[in-house]
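One structure is given here, and the rest of the page talks about it.
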Amino acid sequence: MKRIISLLLIALCVLGLWGCTIEDFTTTEAPAVTVGSLDGAGLNAHFIDVGQGDSILLESKGEYALVDAGEYPQSETVISYLNKTGVKKLNYVFSTHPHSDHCGGLGNVIKSFTVDAFVSPEVQSDSAIWEYTLDAVDEKQLTYIVPNSGDSFPLGEATITVLSPGKNSLYSNMNDYSLVCKVSYKGTSVLLTGDAEETVERELLRSDFDLRSDVLKCGHHGSSSSTCLSFLKEVNPSLAIISCGVDNEYGHPHKETVKNLDGLNIPCYRTDLSGNIVVSANGEEISVSTDSSKTEIPKASQQSGETATVNAGVSEDSYIGNKNSKVFHRTNCSSVESTKEKNKVYFDSRQEAADSGYRPCNNCNP
């Protein structure tokens, strides 16, 4: 499926469908994406800049849900943002998983606001900050909900549906226990993935859930362990968001994720470049506003103020290498589809691939 984005009268073709090549798409209408405020929005998703972490405020018709709150020191940032936004009560507080860059600020937020319910996956952690969060839940005597995949939570005129994890799911990686939630309002949807990695993305691809979403919050701060190409094609977003810190020690977002987004011409906002990001939807349009003076929707790799390209698909000058075989291919080579995302490396030129010690594929002759 190919969606059409209207941006200051510029059309950006957004491509993606699991298992198809870049040429195999038909065109259908999708909500237009514009820069600036949007009157009459029925859903607002605030991606709060908490540095290297996640915090998302969902708002629909006077009701609010908070998803994560960054590290413990960022609780002040989140509380201040909520107060400025006019939040008096949180209908839900979602903790995607017990890592400190997600749950660290939740305890103080819970203590500072009226909260109806706390929603968290069934996962064990003995970290001090997670215990602090649970103490705040007990202190406020909140309803504690452990959702199963498919459970839905009404929020104003929107609906938050949990897609993962499923009941009795077992993972070796705490990130994979992350709540994956699809927020729907009329014909618009936002997919929030926490730190869920490729294992969960593959599970969701095999599920019966409709993953297609207009906005994707990329998993694990844009790490190469998440947002695999087949998942990205299936979600087929008109817009992506990456929440990460400026010059963070992990190098997020990773080059592989940036290449996947740019290769499919999926415009992307990043909190490390734009600060707070607000995505608004009225069922017909989607708008984006930020702390910066940006006037265009950028590519994932672009700094503030640069203009997004119009070219569809992966550049003809791009190449994909296999980390195991040390062979690089043209992007349309049949070997690329069978290569796992974690084993792929992307090059902007043939020379870059050769300089990195990769040899050309004998089949596609890049």
For region 156-255, whose charge dipole is built from +1 on Lys and Arg Cβ atoms and -1 on Asp and Glu Cβ atoms, the candidate among Y185, G222, P237 with its Cα farthest towards the positive end is Y185
Ordering E139, E59, E203 by the accessible surface of their heavy atoms, 1.4 Å probe, largest first, yields E139, E203, E59
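Leaving ligands, DNA and RNA out of it, rank K84, K326 by accessible area with a 1.4 Å probe, largest first.
Values: K84 175, K326 90 Å².
Listed by decreasing accessible area, they come as K84, K326.
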Expressed in square angstrom to the nearest 10, the accessible area of E122 with a 1.4 Å probe stands at 140 Å²
Once all protein chains are kept in place, K89 shows an accessible area at probe 1.4 Å, nearest 10 Å², of 80 Å²
Sorting E284, E131 on solvent-accessible surface, 1.4 Å probe, most exposed first, gives E284, E131
Hits in region 139-154: amide N under 19 Å from the 7 Å Cα→Cβ extension of K61, namely 152-154
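Below 9 angstrom from the Cβ of T161, what's the summed charge of the other residues (Lys, Arg +1; Asp, Glu -1)?
Working: positive: K182; negative: D151.
Its environment carries a net charge of 0.
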Measure of exposure for F209: accessible area at 1.4 Å probe, Å² rounded to 10, is 70 Å²
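The values are calculated or read from the model by the stated rules, or taken from the named source; none is laboratory data. Predicted model, so just to flag it, every value in this text is computed and none were measured. A quick note on method: Cβ atoms are made from the backbone with ideal geometry, for glycine too, and the neighbour counts reach across all protein chains shown. Note: areas computed on protein heavy atoms with side chains; ligands, DNA, RNA excluded. Shrake-Rupley method; radii C 1.70, N 1.55, O 1.52, S 1.80 Å.
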